[in-house]
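Below is one structure, written out as structure tokens; the observations come after it.
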Amino acid sequence: MKEILEKYARLVIRTGVNLQKNQLLVINSPIECAAFARKIAAAAYESGARDVIVSWSDEKLAKIRFTMAPEEIFAEFPEWRKQLYVGYAREEAAFVSILASNPEIFKDVAPQRLAMVQQATGEALKEYRQRMMTNKNAWCVVSVPTTDWAKKVFPEDAPSLAVKKLWQAILQTIRVDETGDPVKQWEEHLAYLEKARVFMNEKKFKFLHYKNSLGTDLQIELPAKHIWASGAEYTDKRIRFVANMPTEEVYTLPKYDGVNGTVVSTKPLNYNGSLIEGIVLTFREGEVVDYKATKGQDMLRQLLSMDGGACRLGEVALVPDASPISQSGILFYNTLFDENASCHLAFGKAYPTCLENGENMNPEELDAAGVNESLIHEDFMIGSADLEITGTTADGRELPIFRKGNFVEFA
């Protein structure tokens with residue numbers, strides 16, 4: 001296991017953020033994942049890092065604070081924490097985030113308190129988030145098991161066995177094993193995703209129409225100069241990085257007022273430490289005009305009312321049902337994995353890099369181009385084994401993109 005963890009850490013540094021000599025690295029890590037954070041730090045120094053800074057989080061302490069602190073404190077964001085992210089981002093640091101949490105740790109916390117924290121964080125870190133979403137800095141999100149998370153994924157197993165099984169599942173999805181070279185395997189995988197990206201960009205679709213037997217019947221208009229992206233991205237210094245490990249998607253942005261119809265979620269959304277399940281949304285001219293959830297309705301309401309852009313879409317992502325994560329049959333209760341098992345959409349902010357020259361546009365220009373703006377960006381899963389997606393080109397031709405949950409043509 002020691003050797004496998006070191007392979008994983010090197011993969012994060014070399015392929016994930018592609019750390020450059022004398023570059024700074026910032027690691028965001030839960031305290032339960034400290035051992036892996038140290039492995040990443042060691043791999044970073046081996047690759048010539050100037051320094052490694054770790055920002056620790058403790059969700060159990062956060063729950064105590066949410067439960068016992070006075071409510072007004074949640075509208076504040078400490079200046080030192082803002083400077084940690086914004087300051088290092090300005091120094092062109094790379095950022096690695098380890099995403100591993102108990103999916104329901106905050107289920108009994110008042111949604112208003114969670115919303116206040118997210119709003120305060122979004123406002124304080126607006127510059128940092130803008131840099132990440134315009135690829136000014138290399139960044140990568142990864143994960144390792146924690147006991148509470150593993151028990152949720154494998155509730156019938158003893159905690160130690162649940163952790164072991166979750167480790168096996170994660171290592172399979174990120175292509176790390178005892179014998180192979182994960183860096184080489186990722187090069188092959190990124191080449192596959194590149195084929196899908198090229199196919200979608202060549203067709204220059206104006207509309208996407210989604211349908212399945214669950215009730216999804218949704219039409220999404222795409223901006224005239226949209227760009228499909230895939231696993232490999234580039235900073236403005238042309239340094240390649242992979243933002244998510246695992247990744248199985250190609251994605252772009254919708255026109256913020258061009259979404260109409262109904263969409264039904266196919267997996268729970270882990271949002272702010274609570275699960276939202278059975279989501280059904282109705283869109284009109286890009287805005288959610290009706291919604292319901294079988295679980296977490298209040299949390300969904302808080303999400304959609306975060307700001308003016310939260311009830312509109314910022315991302316359209318295609319993931320084949322044949323992806324290894326989907327075929328594993330495991331529900332991870334973790335968006336990093338579940339979004340790579342399923343076609344998904346995202347509430348909130350769009351990636352400006354998915355529009356031609358978007359990373360160089362000001363807010364007014366982005367708005368005029370139909371790019372959604374928000375403090376949040378939250379993915380939710382809509383893919384199914386019978387999902388059909390039909391594209392309509394600018395000249396009115398209809399072409400099948402997905403049939404029976406998978407790509408039709410590009411392969």
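Mind pulling the per residue volume of the convex hull built on the Cα atoms of region 2-173? Å³ is fine. Before the final figure, lay out each step's value.
Values: hull volume 20.7 nm³, N = 172.
Value for region 2-173: 120 Å³ per residue.
Listed values for region 314-320 are Karplus-derived 3J(HN,Hα) couplings in whole Hz (6.51 cos²θ - 1.76 cosθ + 1.60, θ = phi - 60°), namely x, 8, 10, 10, 10, 9, x, and x replaces Gly and Pro. With contacts taken as Cα pairs under 8 Å at a separation of at least 6 residues, region 1-93 carries a relative contact order of 32 percent.
Name the long-range amide H neighbours of N28: under 5 Å, sequence gap of 5 or more, or other chain; modelled H, no Pro or chain starts. So N28 has HN proximity to S55, V96, S97, I98. Just checking the listed ones, K165, K237, K204: in the Gaussian network model of the chain with Cα springs under 10 Å, the one fluctuating most is K237.
Of the residues G358, G348, G396, the one that moves most in a GNM of the chain with alpha-carbon contacts below 10 Å is G396. Mind checking which lysines have their Cα closer than 29 Å to the Cα of K63? Skip sequence neighbours fewer than 8 apart in that chain. Cα-Cα hits under 29 Å: K39, K82, K107, K126, K151, K152, K164, K165, K267, K292, K295, K349. With R₀ set to 25 Å, the beta-carbon distance separating D257 from E202 gives a calculated FRET efficiency near 0.45.
Which percent of the Cα-Cα distances in the chain go past 33 Å? Of all Cα-Cα pairs in the chain, 29 percent lie more than 33 Å apart.
Assuming R0 = 56 Å, what is the FRET efficiency of A69 and E398, from their Cβ-Cβ distance, to the nearest 0.05?
Working: r = 55 Å, r/R0 = 0.98.
So the FRET efficiency works out to roughly 0.55.
By the scheme Lys and Arg +1, Asp and Glu -1, what is the net charge of all other residues having a beta-carbon under 9 Å from that of D379? Every neighbour counted, the sum reads -4. How high is the relative contact order of the chain, in percent, with contacts defined as C-alpha pairs under 8 Å that are six or more residues apart? Computed over the chain, the figure is 15 percent.
Here, each number is a calculation from the coordinates, and none is a lab measurement. Note that the structure is a prediction, hence the values are computed from the model and not measured. When we count neighbours, we look across all protein chains shown, and the Cβ atoms used for this are built from the backbone with ideal geometry, even at glycine.
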